[in-house]
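Computed from the coordinates by the stated procedures, all read-outs in this text should not be read as laboratory data. A quick note: this is a predicted structure, and the numbers were derived from the prediction, not measured. We place every Cβ from the backbone using ideal geometry, glycine too, and count neighbours over all the protein chains shown.
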Amino acid sequence: MEIEDRILEEIHLENGLTVYLVDQSRPIVGGRWQVQLLVRVPLEPQAAHFEKFPDPSEAFREFTSLAADTPLEFQIVKVRNFIDESRLQETLEQMKDDFTRSALEYLKKPGFAASFILKKFEELRGKKASSQRRKELGG
């Protein structure tokens, strides 16, 4: 029997982003669970995120080309193992509270989306450069 992920909560932030708290918990053995909370924040790249580049529209085009059809989202996964089934909901609530206390303020920042997208852009450019170097070296 496969257990479906379920959205526990949607948090709409003032910066326009939506945080999804998703329960991905699974039974392990003997009434024990792996309790897993996935925090997802889908991001939509916009040309305005690339204003620091000499040619923002070219940088945006390059990013969309490199990212292709890959969905862009920030994720945090919190996991607790061997939790008794009787403590499943309590553990999930504690994990949600921990996230809210430790990371929610970071996601609320007005510049979060732009910073994350630009970091992803640099990562994609690095992968492309590595791939090109391997091809040039015959590998």
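Using alpha carbons only, how many degrees (0 to 90, rounded to 10) separate the axis of helix 56-67 from the longest principal axis of the chain? Long axis of 56-67 versus the principal axis of the chain: about 50 degrees. Modelled spin labels at residue 132 and residue 119, positioned 7 Å past Cα toward Cβ, are 2.5 nm from each other.
So for 14, 9, 62, fewest C-beta neighbours within 10 Å to most, what's the order? Please list the in-between numbers first.
Values: 14 8, 9 12, 62 17.
The order, fewest Cβ neighbours first, is 14, 9, 62.
Springs join every pair of Cα atoms under 10 Å in this Gaussian network model of the chain, and among 111, 30, 16 the largest mean-square fluctuation is at 30. The calculated P(r) of the chain, using every Cα pair and 5 Å bins from 0, goes 2, 9, 15, 16, 13, 12, 11, 9, 7, 4, 2, 0 in percent. Seen from residue 10, the other residues with C-beta closer than 15 Å to its C-beta sum to a net charge of -1, counting Lys and Arg as +1 and Asp and Glu as -1.
Just checking the listed ones, 65, 57, 25: in the Gaussian network model of the chain with Cα springs under 10 Å, the one fluctuating most is 65.
Taking the alpha-carbon centroid of each part, what is the distance from the stretch 1-72 to the stretch 93-124 in angstrom? Centre-to-centre distance over Cα atoms comes out at 10 Å. Relative contact order of the chain: what whole-number percent is it, with Cα pairs under 8 angstrom and at least 6 residues apart? After rounding, I find 23 percent. Shown for 49, 12: other C-beta atoms within 10 Å of each C-beta, ranked fewest to most, produce the order 12, 49.
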